[in-house]
Amino acid sequence: MNYSELSAAIQTYTENNFPTITLADSSTVSSTTQINRFIQQAEQRIYNSIQFPFLRKNVTGTITSGNKYLSCPDDYLSSFSLAIYSGSGPFTFLLNKDVNFIREAYPTPTDTGTPKYYALFGPTVASSIISNELSFILGPTPDATYSAELHYYYYPQSIVTATTTWLGDNFDTVLLYGSLVEAYTFMKGEPDMVALYDGKYKEALALAKRLGDGLERQDAYRSGQYRQAVT
């Protein structure tokens, strides 16, 4: 299901084309804007409920000698792993800790060595200007220049802007019913209809979770084939 099909389905199921709304300040909210909001809200709920492999991203960067901070990617949400290496390797995976741990373990910033730990530090601020929304702090302060590889969780491009996405192509039911829940909530729809579509959404979400958090994390060789109990 692509964006056009999803948008049309939302209007068909709700029997509402969501005409342009005029607000108290005379500004307007178009039909497209309303529908896009339903879809994006549904995507956010889904992406925070299931860890699909396509929500994982990989980037490489450089850790500078004497600089204990490393900028996070702009679309970073959370870490899967952070590793450092020199040349062709080997990779050394850093342990995730709290900022307080790193500060206490390495109280003197001039004490350097091969980084062993990292923590989510916060935004980089200079003269009240935020240059990076999030950054990592390393411990100890790097004693040399290292390459870094970060695997992290992020929100992929919405179907609203991408037109087609993995979720729309492979599990459109959860996206459709999630959008309908948002649409009926916006419409202040009848409680029974809201409950109906919320139930459909939860059924689809459970099936999607079986895929993303179950089947895609195993294979028959290591885990054995799924067996249904016979009574």
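The values are calculated or read from the model by the stated rules, or taken from the named source; none is laboratory data. Because the structure is predicted, anything quoted here is derived from the model rather than measured. Note that we place each Cβ from the backbone using ideal geometry, even for glycine, and neighbour counts take in every protein chain shown. These area figures cover heavy atoms from the full protein model, side chains too; ligands, DNA and RNA do not enter into them. Shrake-Rupley method; radii C 1.70, N 1.55, O 1.52, S 1.80 Å.
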Linear extension gain, THR64 paired with ARG103, 0.36 nm per residue minus alpha-carbon span | 12.1 nm
3J(HN,Hα) from dihedral phi, region 8-18, Karplus parametrisation 6.51/-1.76/1.60, rounded to Hz, x for glycine, proline | 5, 5, 4, 5, 5, 5, 8, 6, 8, 9, 6
Full-stretch length increase - TYR154, ASP213 - with 0.36 nm per residue and alpha-carbon distance subtracted | 19.6 nm
Between the Cα axis of helix 191-212 and the main Cα principal axis of the chain, the angle (0 to 90°, nearest 10) is 40
Sum up the lysine pairs in the chain that clear both bars: alpha-carbon distance under 24 Å and a spacing of 8 or more or different chains.
-> 10
How far is helix 172-187 tilted, in degrees, relative to the longest principal axis of the Cα atoms in the chain, given as a value from 0 to 90 rounded to the nearest 10?
-> 70
Low-density loop positions, chymotrypsin sites (Phe, Trp or Tyr not before Pro), region 45-104 - DSSP coil, at most 15 other Cβ in 10 Å | PHE91
For ARG227, ARG210, give the ranking by accessible area with the largest first, probe 1.4 Å.
-> ARG227, ARG210
In the Gaussian network model of the chain, springs joining C-alpha atoms below 10 Å, which of GLU15, GLU182, GLU203 carries the largest mean-square fluctuation?
-> GLU15
Per DSSP H run of n ≥ 4, the term is -39500 (n - 2.57); total these for the chain, divide by its residue number, and report the mean residue ellipticity at 222 nm rounded to 500 deg cm²/dmol.
-> -11500 deg cm²/dmol
Could you check the simple spin-label distance between SER79 and ALA206, using points 7 Å along Cα→Cβ, in nm with one decimal?
-> 3.6
Estimated FRET transfer efficiency when R0 is 35 angstrom, pair GLN228-ARG56 (beta carbons, to 0.05) = 0.70
Grab every C-alpha pair in region 62-118, bin the distances at 5 angstrom width from 0 up to the longest one, and report whole percents.
-> 4, 15, 25, 28, 18, 9, 1
Rounded to two decimals, what ratio of Rg to Rh does the chain give with C-alpha atoms and a Kirkwood Rh?
-> 1.09
